[in-house]
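*Asks:* Quick one: structure below, then a few questions.
Coordinate-derived values only; no laboratory data. Here the structure is a predicted model, which is why all the values come from computation and not from measurement. Quick reminder, even Gly has a Cβ in these numbers, built from the backbone with ideal geometry, and neighbours come from all protein chains shown.
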Amino acid sequence: MKYSVSPLTCGRCVGRITEALQSIDSGARVHVDLAAGTVHADGFFDAGVVASTLAKIGYHAVPATESPAVASPDGCCGTCHA
């Protein structure tokens, strides 16, 4: 399933999101497209689980068919600068 996710700004976001979703399903296939602000995830989880899992690590996710995720005001999640 495809999700609109924000903020998506750097490679650290890719790693954190992939790790979080694969912690739910170790066999999940996860592709993060930074430019498009989307995550495509195939695994044994539903949209609600994806949204709540990503929210726990600071991301807002909605199925791509819904309204786009709200962008961070400064455009950065801040995790790669910590």
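*Asks:* Can you tell me how much longer the chain between ARG29 and LYS2 gets when fully stretched, taken as 0.36 nm per residue apart minus their C-alpha distance, in nm with one decimal?
*Replies:* 8.6 nm
*Asks:* May I ask for the net charge around VAL30, where only other residues with Cβ less than 13 Å from the Cβ of VAL30 are counted and Lys, Arg are +1 while Asp, Glu are -1?
*Replies:* Computed value for this residue: -1.
*Asks:* Let me ask something else about it. So, by mean Cβ neighbours within 10 angstrom, what's the order for 23-34, 7-18, 39-50 with the highest one leading?
*Replies:* The densest-packed peptide leads the list: 7-18, 39-50, 23-34.
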